[in-house]
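Worksheet: one structure, shown below.
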Amino acid sequence: MKSLTANDRPAAELLGADPVIQTEEDLDKALNELSFLNAFDQSVNATCTRYIEKLKQESEQRKYVLIDDQDPVTIESRRELLNKRVNEYCKANRSSLIDGKKKTKSFPHGSVSFKDQPARVEYRSGLKEADSLSLLDKLMQSSLVEQITAWLMSICVFGKNKEARLLSEIVELKPKLSVSKIKKAFEEKRLTADHLKQLGLKYSQGKEQLTIKPAEYKPG
């Protein structure tokens with residue numbers, strides 16, 4: 001479709017500034033203008049998209065830096081290399097960077113932090129909640145989801161017999177695994193790693209995570 005402008009509006013075939021619809025012909029004129037306005041709107045959006053994409057491509061071509069006498073390197077590759085080197089240094093020198101309970105070391109141009117990430121229960125690789133519920137059904141040798149849903153759907157909220165209005169007409173009925181309860185049960189040793197595995201889950205120990213935070217750059 002060709003690009004449209006405001007000048008492409010077929011004024012002679014449309015209604016005036018204060019449109020009055022009195023006949024089917026007037027109605028068709030209104031529909032015609034609505035059709036044009038939709039097409040004009042889409043045309044402008046398409047032109048903007050093409051312009052933005054062109055600007056993005058031109059911007060990407062400028063995203064490189066010169067290091068010493070080496071060939072230009074992209075911003076992303078340079079950033080990855082610096083982050084890797086900072087990460088390696090911080091982990092190798094953690095004891096000298098972090099003093100006591102303070103987990104953050106500040107510098108004139110940013111900071112590095114060692115913060116504890118909490119333990120969590122998560123789905124094993126490639127699995128989702130639906131997979132865990134299916135595994136739970138097999139363990140119980142029956143469809144837990146179907147049983148719970150059928151029971152909930154049978155609960156009456158209003159009226160009786162033909163006038164009965166069920167809970168399923170009011171709320172979404174969908175059993176959901178409680179990861180927090182599973183985590184609590186595992187930490188209390190009521191569930192084991194093997195139990196979690198049978199549910200398609202695993203327990204990940206909390207670990208320390210390094211965060212690298214450069215300060216806002218201020219040109220000199």
Kirkwood Rh and Cα Rg combined as Rg/Rh, the chain: 1.21
For the chain: accessible area per residue (Å², 1.4 Å): 81
Length-normalised contact order for the chain - Cα pairs under 8 Å, 6+ apart - percent: 22
Share of carbon and sulfur in the accessible heavy-atom surface of the chain [1.4 Å probe, %]: 53
Sum of -39500 (n - 2.57) over DSSP H runs of 4+, divided by residues of the chain (222 nm, nearest 500): -14000 deg cm²/dmol
Charge dipole (debye, nearest 20) of the chain; +1 at Cβ of Lys and Arg, -1 at Cβ of Asp and Glu: 2200
Mean Cβ neighbour count within 10 Å, used as a protection proxy, ranking 112-119, 81-88, 18-25, 130-137 highest first: 130-137, 112-119, 81-88, 18-25
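The values are calculated or read from the model by the stated rules, or taken from the named source; none is laboratory data. All figures in this text were calculated on a predicted structure; none of them were measured in a lab. Using ideal geometry, Cβ is built from the backbone for each residue, glycine included, and neighbour counts are taken over all protein chains shown. Keep in mind that these areas ignore ligands, DNA and RNA; they rest on the heavy atoms of the full protein, side chains included. Shrake-Rupley method; radii C 1.70, N 1.55, O 1.52, S 1.80 Å.
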